[in-house]
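S.K.: Let me give you the structure first, and then I'll get to my questions.
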Amino acid sequence: MNGFSRLAFVETKLFLRERAAALAVFGLPVALVIGFGLIPGFGNPQKGLSDQIGTEYIAALGVAIVLATLGLTGVPMVIGQYRQRGILRRLGVTPVRPLTLLLADLTVWAAAAILSVTLVVAVVRIAFHVPVPAAAGWFALSVLLGIASLLALGMLAAAVAPTARSAAGIGWLLFFPNMFLAGVYFPTEEMSSTMRQIGNFTPLGSALHAVRDSWMGIDPRLEYLGIMAAWTLVAGALAARFFRWEQA
Amino acid sequence: MTPVIEVTGLTKRYGGQAVVDGISFHVEQGEIFGLLGPNGAGKTTAVECMEGLRRRDAGQVRILGLDPLTDGHRLHQRIGVQLQETQLQEKLKVREALQLYASFYPRPADWRELLERWGLTAKAGTSFGKLSGGQKQRLFIALALVGNPDVVFLDELTSGLDPGARRATWDLISQVRAGGVTVVLVSHFMDEVEELCDRVAILERGRIAALDTPAGLVDSAGAEYRMRFRPLAPLDEQSLAAVPGVTAVTRRRAQVEVTGTGDFASAVTAELARRQVVVADLRIEGRSLDNAYVALTGRTMDT
């Protein structure tokens, strides 16, 4: 095994050893859809949710929560700590670059997100007979772009924060408004049009729209995919440009 | 034979201020070379420029014939580094850490043997976060050696170790050198440097104040002996100042301290005998690197 796969292997083990994080990523979304799925009548199309099946809507929220939790709380916290603890510096004097660790971690997190989304789709299909996403290709693309844009945003927070604490803090500061504007706390259908507009420009807002639409079999508006791609490129480029490899 | 390490005019500035200011030295294969100096003297910055962690602003550095700036990857395959104040992932186990780092190198050492040698076998399954300070330190030394390096950089080797573990560590480092490995040791402990190093560079404010063998440094400093005693009869201590070789006499309550060079101590005791002054608690301090350091730099380590 080369350095990358070796690091990815070890980082996967470390990810699973953080019980709270693993539970948040794999357990929370499933618990959410099961909890709401058991509400009588929630398996029918809901008027206030653009006629989306209630459980399907909640499953889409579950996807959004996975993306936001991993990208905005997990990434800044872990990368901030790896820098503060000197782990990145230590790798800098081995034949393996510290960048390899960052790439290995991003790969592990992306894989965890894909697995968790798959789990949510499977649970609502099996337990509540919610159809699998009708526009499967668009759904997959929406999820992948959502993962990429939120990981990139999390990396940017980690890149510019001077300490591990501030990295985690910036992550949380991004987490709540993103969740709010994306419509995780209450549906965008109930928002004013201005707020909805703002929400559409956030990576999580675009991701949630695109995931909901493709689940219902509607081709997501290209604008959503474009916004996620733009966040990925801009936040990713800024993170790469301004990344601090060591704590001052 | 070309030296393993050649440093010429190495300079590193931060905000216009030279932290390392044009230092030059070379290290031969199999040598243990010490960089000694107080905190802030530039020791760590200098080795980090040699390891390729920092970009030098001027000068030349060749380690095993490789420039750390342009040939970092090839260099990193052949050096081992123990950095000051690093941590590993909290939940990474000792065994996993060694296996992981071993996998980075083209011809790694047997990590089980390293565990054994550094007394970590019983801790192989323990998470990094649960190790004591001394165990962490030994793990970092083992990690510096896991790539079977030709050159090892050890920055504050024995910090966090108890006296017994320090001695054991010194023995192990001597063994590492006996295997032909060149060792660069950064330290602010005199005893460590005196015990281990073949040659020492004393760094002060980014410059090399002196460079020699520990014994050579002591000689060149012409450091003074010091004798102390408590006279049991009245003594006009200033009369001792006239004794050949004596450079100073001071009295602190009942205790008299005489400093001097050469064979002054015998002369002083002879003088005391002539005056029939019996003394108690007579102590003569030999010359040490400690005293040489003060003589060479005009200050103690702590200041």
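The values are calculated or read from the model by the stated rules, or taken from the named source; none is laboratory data. All of these numbers come straight from a predicted model, not from anything done at the bench. Using ideal geometry, Cβ is built from the backbone for each residue, glycine included, and neighbour counts are taken over all protein chains shown.
S.K.: Please find, within the range B:272-290, the residue that is modelled with the highest pLDDT out of those that are in contact with a helix residue (DSSP H, G or I) (Cβ under 7 Å, 6 or more places away or on another chain) and surrounded by 18 or more Cβ atoms within 10 Å (Cβ to Cβ).
M.R.: Out of the qualifying residues, it is B:Val279.
S.K.: Would you check if there is a residue in the range B:114-137 being under 24 Å from B:Ser174 (Cβ atoms) and within 12 Å of chain A (Cβ to nearest Cβ)?
M.R.: yes
S.K.: Same structure again: Taking into account only those residues within the range B:82-95 that are in contact with a strand residue (DSSP E or B) (Cβ under 9 Å, 6 or more places away or on another chain) and outside any loop (DSSP other than H, G, I, E, B), which is surrounded by the most Cβ atoms within 10 Å (Cβ to Cβ)?
M.R.: Among those residues, the one meeting the criterion is B:Val94.
S.K.: With the condition kept exactly as written, say whether any residue in the range A:77-100 is closer than 15 Å to A:Ala159 by Cα and away from every other protein chain (no Cβ under 14 Å).
M.R.: Scanning the range A:77-100, I find no residue that is closer than 15 Å to A:Ala159 by Cα and away from every other protein chain (no Cβ under 14 Å), so the answer is no.
S.K.: Considering only the range B:82-107, state which residues are within 11 Å of chain A (Cβ to nearest Cβ) and under 24 Å from B:Leu185 (Cβ atoms).
M.R.: Correct list: B:Gln82, B:Leu83, B:Gln84, B:Glu85, B:Thr86, B:Gln87, B:Leu88, B:Ala97, B:Tyr101, B:Ala102, B:Phe104, B:Tyr105.
S.K.: Does the range A:7-49 hold any residues that are hydrophobic (A, V, I, L, M, F, W, C) and within 14 Å of chain B (Cβ to nearest Cβ), and which are they?
M.R.: Correct list: A:Leu7, A:Ala8, A:Phe9, A:Val10, A:Leu14, A:Phe15, A:Leu16, A:Ala20, A:Ala21, A:Ala22.
S.K.: Just one of (1) touching a residue at least 12 places away in the same chain (Cβ under 8 Å); (2) away from chain A (no Cβ under 14 Å); (3) at negative phi trips up B:Gly42, so point out which.
M.R.: That leaves (3) as the condition not met.
S.K.: A follow-up question, please. Inspect the range A:118-126 for any residue being in a helix (DSSP H, G or I) and either touching an Asp or Glu at 6+ places or on another chain (Cβ under 9 Å) or under 16 Å from B:Gln89 (Cα atoms) (or both) and give the result as yes or no.
M.R.: Yes - at least one qualifying residue is present in the range A:118-126.
S.K.: With the checklist (1) under 17 Å from the mean Cα position of the chain (by Cα); (2) of a type in the set (Val, Ile, Thr); (3) under 17 Å from B:Val81 (Cα atoms) in hand, flag the one item B:Val146 doesn't pass.
M.R.: Of the numbered conditions (1) under 17 Å from the mean Cα position of the chain (by Cα); (2) of a type in the set (Val, Ile, Thr); (3) under 17 Å from B:Val81 (Cα atoms), the odd one out for B:Val146 is (1).
S.K.: While we're on this one: Just to be sure before I move on: is B:Leu64 on the phi > 0 side of the Ramachandran plot, in contact with a Lys or Arg (Cβ under 7 Å, 6 or more places away or on another chain) and touching a residue at least 24 places away in the same chain (Cβ under 8 Å) in the structure I sent?
M.R.: yes
S.K.: While we're looking at this one, here's another question. Could you identify the single residue in B:Ser220, B:Ser266 that is exposed (fewer than 13 other Cβ atoms within 10 Å of the Cβ) and part of a helix (DSSP H, G or I)?
M.R.: B:Ser266
S.K.: What about B:Phe153, is it assigned to a strand (DSSP E or B) and among the aromatic types (Phe, Trp, Tyr)?
M.R.: Working: assigned to a strand (DSSP E or B): yes; among the aromatic types (Phe, Trp, Tyr): yes.
When the stated conditions are applied, B:Phe153 passes them.
S.K.: I would also like to ask the following. Run down B:Ile79, B:Ile63 and say which single residue is facing chain A (nearest Cβ under 10 Å), over 21 Å from A:Gln247 (Cβ atoms), surrounded by 16 or more Cβ atoms within 10 Å (Cβ to Cβ) and under 22 Å from the mean Cα position of the chain (by Cα).
M.R.: The conditions single out B:Ile79.
S.K.: Scan the range B:21-39 residue by residue and report those that are assigned to a strand (DSSP E or B) and touching a residue at least 60 places away in the same chain (Cβ under 8 Å).
M.R.: Residues satisfying the conditions are B:Asp21, B:Gly22, B:Ile23, B:Ser24, B:Phe25, B:Val27, B:Ile32, B:Phe33, B:Gly34, B:Leu35, B:Leu36.
S.K.: Considering only residues that are of a type in the set (D, E, K, R) and surrounded by 12 or more Cβ atoms within 10 Å (Cβ to Cβ), look in the range B:235-251 and name the one that is modelled with the highest pLDDT.
M.R.: Here is the first cut: in the range B:235-251, the residues of a type in the set (D, E, K, R) are B:236-237, B:251.
Those still in the list that are surrounded by 12 or more Cβ atoms within 10 Å (Cβ to Cβ) too: B:237, B:251.
Numbers: B:Glu237: 79, B:Arg251: 87.
My answer is B:Arg251.
S.K.: If you don't mind, there's one more thing I want to ask. Regarding the range B:205-217, can at least one residue be identified that is in a helix (DSSP H, G or I) and aliphatic (A, V, I, L, M)? Walk me through it before giving the result.
M.R.: Quick first cut of the range B:205-217, residues in a helix (DSSP H, G or I) only: B:214-217.
When the remaining residues are screened for being aliphatic (A, V, I, L, M), the result is B:215, B:217.
Within the range B:205-217, one or more residues are in a helix (DSSP H, G or I) and aliphatic (A, V, I, L, M).
S.K.: Right, next: If you go through the range A:213-233 one residue at a time, how many are touching a helix residue (DSSP H, G or I) at 6+ places or on another chain (Cβ under 8 Å) and outside any helix (DSSP H, G or I)?
M.R.: Of the residues in that region, 3 qualify.
S.K.: Look through A:Arg165, A:Arg89, A:Arg125, A:Arg83 and report the one residue that is of a type in the set (D, E, K, R), buried (at least 23 other Cβ atoms within 10 Å of the Cβ) and at negative phi.
M.R.: Just a single option satisfies the conditions, and that option is A:Arg83.
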